[in-house]
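The structure appears right after this line, and notes come after that.
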Amino acid sequence: YLLYYSVFINNDHDYLATDNPDSKLADLQNDLIIKLKNSKSLKEIINFFESSEFGYGIRKPLIPILFTGLLSQVWENLLFFNKDSFLMDLDPENIFEMFYNPEGITFKYHSYTDKQLEIMNTLIDIFGIRQEDYSKPKHIKAGNAIYYWMKSLPRYAQITFNIDKDIIDFRDTINYLSIDPIHSLNKLYSNFRDKITKYKLFLDNYINHSK
């Protein structure tokens, strides 16, 4: 908190505000967002902060703080991957770890469609939000809610093929959230949005159904 205070308050920048007309970090923020939308590798972002070529030359310990604070308004649009596997548990400790070990870390900037936002809200309504996910972006709240629900089911309910093919596809789509959340959200919306509660009830009670 003290680092956030010294970095942002001392530079007249409220990282929770949508507009900071007097911010001394405005140029850095604007350049960072442009760089973000034209990059894929976290190493590129680190180089942007550190390199004198861009006129900043920022010390490494401050980079994750500036990165998260300056991008607070677009944080919901960022998806991070480690060697093509989606990072579902993105807490402050993991964010700092990414910046100190950025090998293989990539990201996507994604603007969500109305359908994607609708299915995320549906998943949150049905499965709730895990306590540890309250401060995380909506796509992580929604994805983790259904993903960890399924992982909490009895093992047999997670792997059996003695069920309707559509439920198997539903289950596979949930598993794929850990690889490609955007594809999975689209498929959950187009194929399952009216069946989620029904399939949840079925799998929650699968042992009883199978007797």
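With springs connecting C-alpha atoms under 10 Å apart, model the chain as a Gaussian network and identify which of Gly104, Gly69, Gly55 has the largest mean-square fluctuation.
Greatest mean-square fluctuation among the candidates belongs to Gly55.
What are the aspartates and glutamates whose alpha-carbon lies under 12 Å from the alpha-carbon of Lys108, with same-chain residues fewer than 8 places away excluded?
Glu76, Asp84, Asp180
Filter Lys35/Lys198; Lys141/Lys198; Lys37/Lys165; Lys24/Lys115; Lys60/Lys151 down to the pairs with a C-alpha to C-alpha distance above 32 Å, please.
Lys35/Lys198; Lys37/Lys165; Lys24/Lys115; Lys60/Lys151
Suppose R0 equals 30 Å. What FRET efficiency, 1/(1 + (r/R0)^6) with r the Cβ-Cβ distance, do Asn10 and Asn121 give to the nearest 0.05?
0.20
Consider the candidate values (1) 63, 44, 30; (2) 67, 31, 29; (3) 80, 49, 23; state which one is Cα extents along the principal axes in Å computed from the structure displayed.
Read-out from the structure maps to (2).
Label Thr160 and Asn82 with points 7 Å out from Cα along Cα→Cβ: what is the distance between them in nm?
3.4
For the chain, set up a Gaussian network in which alpha carbons nearer than 10 Å are linked by springs, and say which option among Ile140, Ile63, Ile34 fluctuates the most.
Ile34
Calculated from DSSP H runs of 4 or more alone, at -39500 (n - 2.57) each and per residue, what is the 222 nm mean residue ellipticity of the chain, nearest 500?
The per-residue figure over the chain is -15500 deg cm²/dmol.
Just want the answer: with Cβ charges of +1 for Lys and Arg and -1 for Asp and Glu, which residue in Ser39, Leu90, Leu62 is farthest toward the dipole's positive end in the chain?
Leu90
In the chain, what percent of the accessible surface is made up of carbon and sulfur (1.4 Å probe, ligands and nucleic acids excluded)?
The nonpolar share, carbon plus sulfur, comes to 50 percent.
Sorted by average packing, counted as other Cβ atoms within 10 angstrom per residue and highest first, what order do 72-78, 162-168 take?
72-78, 162-168
Please list, in chain and number order, the residues 5+ apart from Leu87 or on another chain whose amide H is under 5 Å from its amide H, with Hs placed from the backbone.
Phe80, Phe81, Asn82
Pick out, from Ile182, Tyr147, Ile168, the residue whose Cα sits farthest towards the positive end of the charge dipole of the stretch 138-211, with +1 on the Cβ of Lys and Arg and -1 on the Cβ of Asp and Glu.
Checked the options; the winner is Tyr147.
Roughly how big is the stretch 28-142's charge dipole about its Cα centre, with Cβ charges of +1 (Lys, Arg) and -1 (Asp, Glu), in debye to the nearest 20?
220
Could you identify which residue out of Ser52, Ser190, Ser41 has the top mean-square fluctuation in a GNM of the chain using Cα springs shorter than 10 Å?
Greatest mean-square fluctuation among the candidates belongs to Ser52.
Given Cβ point charges of +1 (Lys, Arg) and -1 (Asp, Glu) and nothing else, what value in debye, to the nearest 20, does the dipole of the chain about its Cα centre take?
820
Could you grab the relative contact order for the stretch 1-154? Cα pairs under 8 Å, six or more apart, rounded to a whole percent.
19
Which of the three applies to the stretch 15-88, rounded, prolate or oblate, going by the alpha-carbon gyration tensor with a ≥ b ≥ c and a/c under 1.5 meaning rounded?
oblate
When the dipole is taken about the Cα centre of the stretch 103-202, and only Lys, Arg (+1) and Asp, Glu (-1) are charged at their Cβ, what size is it in debye, to the nearest 20?
It comes to approximately 160 debye.
With all pairs of different alpha carbon atoms counted, what Kirkwood hydrodynamic radius in Å does the stretch 88-203 show?
15.2
The values are calculated or read from the model by the stated rules, or taken from the named source; none is laboratory data. Only a predicted model underlies this, so the values are computations on that prediction, with no experimental measurement involved. Because the Cβ atoms are built from the backbone with ideal geometry, glycine has one as well, and the counts that use them run over all protein chains shown. Calculation scope for accessible area: heavy atoms of the full protein, side chains included, ligands and nucleic acids excluded. Shrake-Rupley method; radii C 1.70, N 1.55, O 1.52, S 1.80 Å.
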